[in-house]
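Undergrad: I'd like to ask you about the structure that follows.
No lab work stands behind these numbers, since they all come straight from the coordinates. Source: prediction; values computed, not measured. Cβ: placed from backbone, ideal geometry, glycine included. Neighbour counts: every protein chain shown.
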Amino acid sequence: MSKGYWIAHVDIHNPQGYHAYVEQNGEVFRKYGARFIVRAGPCETVEGQFRARHVVIEFKDYATALACYRSPEYAKAKALRAGAVDIDIIVIEGYDGPQPTD
């Protein structure tokens with residue numbers, strides 16, 4: 001079964017508001033078995049335009065990733081970041097198919 005992912009691109013305008021969101025979302029992510037794959041490390045935009053901060057969160061499957069985003073617990077956390085960030089989030093299913101070979 002393919003894993004599910006959140007991919008988020010974030011510009012933070014109010015660090016205190018964003019910090020409140022981060023403090024709250026940890027409990028929600030633990031409940032849904034989320035694991036950070038990327039969390040705002042160094043990056044270089046090589047094509048197109050992106051936001052300043054990038055996050056990739058892994059879930060056991062796509063349904064769990066969606067359930068977490070749509071949960072009442074996450075809605076509470078999300079409300080804390082209102083006005084503090086500009087954010088784009090997608091929930092996407094991973095790929096388990098064939099890969100390029102040598």
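Undergrad: How long are the semi-axes of the ellipsoid equivalent to the chain, from square roots of 5 times the Cα gyration tensor eigenvalues, in whole Å, largest first?
TA: 24, 19, 10
Undergrad: Ok, one more. Please give me the summed charge of the neighbours of residue 58: other residues whose Cβ is under 11 Å from its Cβ, Lys and Arg +1, Asp and Glu -1.
TA: Neighbourhood net charge equals +2.
Undergrad: Using 0.36 nm times the number of residues separating residue 47 and residue 89, minus their current alpha carbon distance, what extension gain do you get?
TA: Length gained between residue 47 and residue 89: 13.2 nm.
Undergrad: May I ask you to list the GluC sites (Glu not before Pro) in the range 40-92 that are in a DSSP loop and have at most 16 other Cβ atoms within 10 Å of their Cβ?
TA: Qualifying residues, ordered by number: 44, 47.
Undergrad: Counting only other residues whose beta carbon sits under 11 Å from that of residue 86, what net charge do I get with K and R as +1, D and E as -1?
TA: Around residue 86, the charge tally is +1.
Undergrad: Another one. For residue 76 and residue 9 in one chain, what is 0.36 nm times their gap in residues minus the Cα-Cα distance, to one decimal in nm?
TA: Full-extension gain reported as 22.1 nm.
Undergrad: Might you report the magnitude of the Cβ-based charge dipole of the range 1-94 about its Cα centre, with Lys and Arg at +1 and Asp and Glu at -1, to the nearest 20 debye?
TA: Using only the charged Cβ atoms, the result is roughly 340 debye.
Undergrad: Compare the Cα positions of 100, 5, 68 along the charge dipole of the chain (+1 at Cβ of Lys, Arg; -1 at Cβ of Asp, Glu; about the Cα centre) and return the one farthest towards the positive end.
TA: Most positive-ward Cα: 68.
Undergrad: Follow-up. So, counting K/R as plus one and D/E as minus one, what does the shell of residues with Cβ under 13 Å around residue 10 add up to?
TA: +2
Undergrad: Run down the aspartates and glutamates and flag those whose C-alpha is under 12 Å from the C-alpha of residue 76, throwing out any fewer than 8 positions away in its chain.
TA: Here the aspartates and glutamates satisfying the reach criterion relative to residue 76 are 23, 27.
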